[in-house]
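As structure tokens, the structure follows; a few thoughts come after it.
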Amino acid sequence: QVQLVESGGGLVQAGGSLRLSCAASGRTFSSYAMGWFRQAPGVEREFVAALSWNGVVSQYADSVKDRFTISRDNGANTVSLQMNSLKSEDTAVYYCAAGGDTNRLKKLIVAVWGQGTQVTVSS
């Protein structure tokens, strides 16, 4: 089982960019599909993006498609989320997670959650 720690959150102006990173401990990182999720106050946690264990298959929520990019480095045990053209509605706590495959992650079927990192976009 991996443990996940997110970093890179913060305050950014609308239209700006931010890069989130998630560091994983454990030797099984490369066997997991990885995903990013977010939760705004009073709203259910939602899927943002997912990437297969080998980085070949990616899936994105419609709301972030063409603005966000998920990537991973299995050698460094990290997964990242590059967020461009940020909007105020992107404000949320962002969570990294590991799961069986991208389809399961898209349905929020997750094996391991990170603790989350706050992203605030000011308009």
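Derivation of every value follows stated rules applied to the coordinates shown; laboratory data play no part. Worth saying up front: this structure is predicted, and the values here are computed from it rather than measured. Neighbour counts are summed over all protein chains in view; Cβ atoms, including those assigned to glycine, are modelled from backbone coordinates with ideal geometry.
Here are some notes:
- Under the Karplus curve 6.51 cos²θ - 1.76 cosθ + 1.60, θ = phi - 60°, whole-Hz ³J(HN,Hα) for the range 56-62, x wherever Gly or Pro sits: 8, 9, 10, 9, 9, 5, 4
- Förster radius 25 Å - calculated FRET efficiency between residue 123 and residue 61 (Cβ-Cβ, nearest 0.05): 0.75
- Note on the chain: antiparallel DSSP beta bridges, both residues inside, total approximately 90 percent of the bridges counted.
- Whichever aspartates and glutamates have a C-alpha closer than 17 Å to that of residue 65, once near sequence neighbours (fewer than 8 apart) are set aside: 46, 89, 90
- Under a 5 Å amide H cut-off, with hydrogens placed 1.01 Å from N, residue 111 pairs with 98, 99, 100 among residues at least 5 apart or on other chains.
- Checking every one of the trypsin sites (Lys or Arg not before Pro) in the range 1-99 against DSSP loop status and a limit of 11 other Cβ atoms within 10 Å picks out 27, 65.
- Table column - 3J(HN,Hα) (Hz), the range 18-24, Karplus curve with 6.51, -1.76, 1.60, x for Gly and Pro: 8, 10, 9, 10, 9, 9, 10
- Convex hull per residue volume in Å³, alpha carbons only, for the chain: 87
- Tail fraction, Cα-Cα pairs, the range 52-96, threshold 11 Å, whole percent: 73
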